[in-house]
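Below you'll find the structure, written out as structure tokens, and then a few comments.
The values are calculated or read from the model by the stated rules, or taken from the named source; none is laboratory data. In this text the structure is predicted, and so the values were computed from the model without any measurement. Here Cβ is always computed from backbone atoms with ideal geometry, including for glycine, and neighbour counts include all displayed protein chains. For the accessible areas, the whole protein counts, side chains as well, though only heavy atoms, and no ligand, DNA or RNA atoms are used. Shrake-Rupley method; radii C 1.70, N 1.55, O 1.52, S 1.80 Å.
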Amino acid sequence: MIKWNRYTRLKRVEYIYASLLLLLFWWGLSLLINNTAFPPPHHAMKSLIEGLGDNLLVHLGVSLYRVLISLFIATLLGVSFGLILGKNRSLDNLVAPIIYLTYPIPKVVFMPILFILLGIGDLSKIVLITLIVFYQILVTTRDAARNLEEEYILSVKSLGANAWELYWHVYLPGCLPSILTALRLGLGTAMAVLFLVETYATQKGIGYFIMESLSRMAYDDMFAGIIAMGTLGFILYLGLDLAEKKLCRWVKY
Amino acid sequence: MNNHDFLTIQGLEVYYRQNKQSIDALENTNLTLAEGKIGVIIGPSGCGKSTLLNVIAGLHHDYQGEIFIDNQPPKVYSDTALILQEYGLLPWKTVQENIMLGLQIKKLPKTEVIHRTEEILEQMGLASLAKRYPAQLSGGQRQRIAIARSLVLKPRLLLMDEPFSSLDALTREEMQEYLLNIWRETKLTILLITHNIEEAVFLGQEIFVMSPFPGTIKRRIPNYLAGSYDSRGKIEYLNMVNDLRSSLQGGKTNDKME
Ligand SMILES: Nc1ncnc2c1ncn2[C@@H]1O[C@H](COP(=O)(O)OP(=O)(O)OP(=O)(O)O)[C@@H](O)[C@H]1O
Ligand SMILES: [Mg+2]
């Protein structure tokens, strides 16, 4: 946890300074490459501003919707099942082999199947992102719940807590730091999968926007899309940071 | 059963099942403790002290034999409070929230929960710590909070598993006296586990000596020296300590089993 905080909790000045450095690097690189396929940042920025006035926002909105819904469902299911398995040893013994066996399978290979079975609309895309993130959250949450101090559980049990109260007062808050770390990693994966699914059989979404710009050889637009997608991921990341600050204040002590 | 025996345990047997093997943790264990007394359990590591306490606390239902607290089995009896060795305070709840938890679980109305929590913090001089997290407290403070969390429930039986073992010597003596003061005010029935012979003699009005393989209570020693500060250096006190020590080492033959 400490490591994460060191690298993610930046001050405002540090954000600005890092962004400027990145833009400078991009600009230098574009001069060096000197190819229309790699425009300098101000061209991309110009295109971004024009795009935002046009339909880029719609694409961004669609992508945001897909990724948020997926993360939400994956978290809800992953955390619930993870806590239940972590708390109930015998159930976990039954399910663990299945998880163990299916965990290493790269779930993206199911994309074609999902397209066939669920159609090429939002549903198949959301299901695929959800599936992938779900696994990460499930395994992390279960392991965290398994390793929770017995002492916390016993002491709250001795206060007369029922199963639901144990989940609410002990398991969930005790596993929250791990869950948020899993969500951070899951967010990265979700954005990558989002891009992949949006490059197939859709007319909406930031992934489509980028690939469509590419096919038009509108490289300024393409980079505007990349900036937009990066910013989207970054804002979601900040949201998780904020959630951690609010919900896990006790961790820093 | 004696009428004033608040806690009675007769022929208690406890097994743990592990990998199809069954581990015999307690066998033919008997114990009685009158209401308002402080009992101390002492014995070597692994002899089943924590197991015994957990069964009395109603955390472990898989036992044979009889346990009655005020004529009710542990499962039914709800006025028991348990304090574990590492205190069991939840690191994600502030002191105040930790103390409120038991009251919330008892489904008391919100205003009463808040009122009783403030009251106990005030009484025990802990109000200034209310907003802190357990990790921001010293060992002694944590122990006090754990005691406050138990007392706020107004229990009639307080069980403590090696409550002072992770404290330094000075804090430990301070906490022993703190506990005695609480006992004098509340006349709670207390049963606590210790590894420390002097602590057993200082606190235990009844001392129960346990032996391992399989775990059982092999001796009960009434101790009239308990709770008096002046007796700490006296001959009788030292005799009692020596007696207890040899009993724990298993050498003594004149067991006065009562
Ligand atoms: N959950 C469990 N599963 C299997 N065996 C257990 C379990 N808990 C305790 N035991 C065994 O039961 C015996 C008694 O354990 P217990 O924890 O009650 O001892 P103790 O007297 O409290 O020891 P200590 O002084 O070290 O705390 C030990 O042999 C221990 O290995
Ligand atoms: Mg123990």
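Couple of notes before you dig in:
- Entirely in the range A:58-174, the helices (runs of 4 or more DSSP H) that have 2 or more residues that are away from every other protein chain (no Cβ under 14 Å) and modelled with pLDDT under 95: A:89-102, A:111-118, A:122-146
- Scanning the range B:125-134 for residues that are surrounded by 16 or more Cβ atoms within 10 Å (Cβ to Cβ) and assigned to a helix (DSSP H, G or I) yields B:L129, B:P134.
- Among the residues of the range B:177-200, those identified as open to solvent by 40 Å² or more (accessible area, probe 1.4 Å) and within 16 Å of ligand 2 (Cβ to nearest atom) are B:H195, B:N196.
- Some residue of the range B:73-82 being out of contact with any Phe, Trp or Tyr (no Cβ under 8 Å at 6 or more places or on another chain), away from chain A (no Cβ under 14 Å) and either in a loop (DSSP other than H, G, I, E, B) or open to solvent by 50 Å² or more (accessible area, probe 1.4 Å) (or both): yes
- Verdict on B:L203 being open to solvent by less than 20 Å² (accessible area, probe 1.4 Å) and away from ligand 2 (no atom under 16 Å from the Cβ): yes
Every residue, every condition in (1) over 16 Å from the mean Cα position of the chain (by Cα); (2) of a type outside the set (D, E), yes or no:
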residue	(1), (2)
B:Q96	yes, yes
B:M100	yes, yes
B:G140	yes, yes
B:L170	yes, yes
B:E177	no, no
B:K187	no, yes
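- Test: residue in the range B:49-57 that is open to solvent by less than 70 Å² (accessible area, probe 1.4 Å) and assigned to a loop (DSSP other than H, G, I, E, B): yes
- Within the range B:1-47, the set of residues being open to solvent by 10 Å² or more (accessible area, probe 1.4 Å), of a type outside the set (F, W, Y) and within 16 Å of ligand 2 (Cβ to nearest atom) comprises B:I23, B:A25, B:P44, B:S45, B:G46.
- When every residue of the range A:226-238 is checked against the conditions, at least one turns out to be among the small types (G, A, S), touching a helix residue (DSSP H, G or I) at 6+ places or on another chain (Cβ under 6 Å), away from every other protein chain (no Cβ under 14 Å) and assigned to a helix (DSSP H, G or I).
- Considering residues of the range B:9-52 that are more than 23 Å from B:F202 (Cβ to Cβ) and within 14 Å of another protein chain (Cβ to nearest Cβ) only, the residue farthest from ligand 1 (Cβ to nearest atom): B:K20
- Taken as a whole, the range B:195-209 holds no residue that is over 13 Å from the mean Cα position of the chain (by Cα) and on the phi > 0 side of the Ramachandran plot.
- Residue in the range B:167-179 that is of a type in the set (A, V, I, L, M, F, W, C) and either touching a residue at least 40 places away in the same chain (Cβ under 8 Å) or within 14 Å of chain A (Cβ to nearest Cβ) (or both) present: no
- Conditions (1) part of a helix (DSSP H, G or I); (2) buried (at least 21 other Cβ atoms within 10 Å of the Cβ); (3) more than 14 Å from chain A (Cβ to nearest Cβ): number failed by B:F164: (1)
- Count of residues meeting criterion [touching a Lys or Arg at 6+ places or on another chain (Cβ under 8 Å) and open to solvent by less than 50 Å² (accessible area, probe 1.4 Å)] in the range A:123-158: 7
- B:G58 being within 9 Å of ligand 1 (Cβ to nearest atom) and modelled with pLDDT under 95: no
- Whichever residue in the range B:58-71 is open to solvent by 10 Å² or more (accessible area, probe 1.4 Å) and within 15 Å of B:T8 (Cα to Cα) and, among such residues, is farthest from ligand 2 (Cβ to nearest atom): B:N71
- Some residue of the range A:193-210 being touching a Leu at 6+ places or on another chain (Cβ under 8 Å), away from every other protein chain (no Cβ under 14 Å) and charged (D, E, K, R): no
- Exactly one residue out of B:E112, B:E97, B:E118, B:E122 is within 10 Å of chain A (Cβ to nearest Cβ) and open to solvent by 10 Å² or more (accessible area, probe 1.4 Å): that is B:E97.
- When the range B:174-189 is filtered for residues that are acidic (D, E) and closer than 14 Å to B:L158 by Cβ, only B:E185 remains.
- Scanning the range A:220-253 for residues that are buried (at least 17 other Cβ atoms within 10 Å of the Cβ) and of a type in the set (F, W, Y) returns A:F223, A:W250.
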